[in-house]
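The values are calculated or read from the model by the stated rules, or taken from the named source; none is laboratory data. Everything numeric in this text was worked out from a predicted model, so none of it was measured. Quick reminder, even Gly has a Cβ in these numbers, built from the backbone with ideal geometry, and neighbours come from all protein chains shown.
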Amino acid sequence: MSSTVRSILNQTVPHDKKNFPATNQAHYCWQKYNEFVLCLKKKNGDEDACKEARHAALSICLEDMVEEWDDQRAEGTFLGVQEKPEAHNEEHH
């Protein structure tokens, strides 16, 4: 691997051999995208404050996957971390 490629890779997501072997990065992608959504939740939807988390997700995920998850979040059908807390039933006993 050339030093230029290694330098670019080091600027994106840090490599984690223990939890995420190089053969399949899907789980790592899912985790990074959910970390981005958690950041949005903590920062009240401020995407500028979560740029680094989004960049980490985009650097490891396929663009189509991120676009699909963005659409699902907008439609309220995303199965990962929810940005807004779910409404609780006040009549619950």
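A few remarks follow.
- Cβ separations smaller than 7 Å between residues 6+ apart or across chains give the following pairs from the range 46-61 residues that are modelled with pLDDT of 95 or more to residues that are of a type in the set (Lys, Arg) and surrounded by fewer than 18 Cβ atoms within 10 Å (Cβ to Cβ): 49/43; 50/43.
- Selection count, the range 26-69, where residues are surrounded by fewer than 17 Cβ atoms within 10 Å (Cβ to Cβ) and more than 12 Å from residue 81 (Cβ to Cβ): 19
- Selection count where residues are among the small types (Gly, Ala, Ser) and touching a helix residue (DSSP H, G or I) at 6+ places or on another chain (Cβ under 7 Å), scope the range 50-82: 4
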